[in-house]
Amino acid sequence: AEAQLRQAQKMEAVGQLTGGIAHDFNNMLAVVVGGLELAQRLVATAPDKAQRHMSNAMDGANRAADLTRRLLTFARAEPARPEMMPVDDCIASFAQLIERTIGDRIALTLDLHVPDLACWVDRQQFENALLNLAVNARDAMEGHGSLTIRTLRDEQEEVAALAVQVIDTGCGMSAEVVERVFDPFYTTKPAGQGTGLGMSQVFAFCRQSGGEVRVASTEGEGTSVAMLLPVARTQAVPAPGADADETPDVA
Ligand code: ADP
């Protein structure tokens, strides 16, 4: 609980944290401006080279746009719009997008065990969290690897809860990285490739949903991130003709 509180305080500090981002953003702008300057100089004499510098500039501009977009999403902290979300169904229908994101070299396995459980969460935020975890898993795996998304009932908790685990066979994390993984803007990725906001978003989503997130990682073996979410009390959809009043609560 104390760690959670500390994390919450860090999250609040995000609003004040501008130095690091301005630095990254400036680096990206430098790429854009530098590329355009070279292109301008070369356009008459060596159009091929100019072309190449322009596409570098374009890349830099796109990265900068991506950074600001992610920052805005993060900073705006739009109020969650929770809905009753059947967890397995949601994951199953989102799997195609995850597959496309991780590419062919990584095999995705769905191992879903809570077909009758739902959570009261913002579905878009849930999908976003899942995507962030999948991207991290992909980035942690060089060459081939496997990504498993598993759901299960979390029996230990007093409040009925379920776990959504995202498990990879990637490089794993050192104890130091595990310690800092939820810090906003903490990244070990090369400048321009990581924003360090993915795991903070996952953390914020879980917390906002009344749950929590846990990380287990072994260097050289892989990582498992578990989002623990409270189970919503739902009315199962009554079969035609069934007496709705007698439909038991699932949770
Ligand atoms: P980003 O992905 O932009 O770096 P995140 O907040 O998502 O930001 O992750 C922070 C850091 O945590 C990553 O840079 C990486 O070092 C580490 N990390 C997160 N997920 C994994 C994973 N599945 N395997 C190994 N390292 C990870």
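Each of Phe182, Met84, Thr151 was scored by the projection of its Cα onto the charge dipole of region 40-182, and the greatest displacement toward the positive side belongs to Phe182; charges sit on the C-beta of Lys, Arg, Asp and Glu. Counting only Cβ charges, +1 for Lys and Arg and -1 for Asp and Glu, the dipole size of region 159-228 around its Cα centre is about 220 debye.
What size of dipole, in debye to the nearest 20, comes out for region 95-175 about its Cα centre when the only charges are +1 on Lys and Arg C-beta atoms and -1 on Asp and Glu C-beta atoms?
Dipole of region 95-175, to the nearest 20 debye: 280 debye.
Scoring 224-230, 170-176 by mean Cβ neighbours within 10 Å over their residues and listing the highest first yields 224-230, 170-176. This model, with +1 at the C-beta of Lys and Arg and -1 at the C-beta of Asp and Glu, gives region 68-129 a dipole about its Cα centre of some 480 debye.
Dividing the mean sequence gap of close Cα pairs (under 8 Å, 6+ apart) by how many residues region 77-234 holds gives a relative contact order of 25 percent. Annotation for Leu72 and Asp111: the two label points, set 7 Å from Cα along the Cα-Cβ direction, are 4.0 nm apart.
Local charge sum around Asp24 (other residues, Cβ-Cβ under 13 Å, Lys/Arg +1, Asp/Glu -1)?
On the way: positive: Arg63, Arg70, Lys189; negative: Asp66.
Counting the neighbours of Asp24, the net charge comes to +2.
Here the simple spin-label model places points 7 Å from the Cα toward Cβ, and for Ala92 and Asp59 these points are separated by 4.1 nm.
FYI, it's all coordinate maths here, none of it is from the lab. Computed from a prediction, not measured in an experiment: that's the story for all the values here. Every residue, glycine as well, gets a Cβ built from its backbone with ideal geometry; the counts of neighbours run over all protein chains shown.
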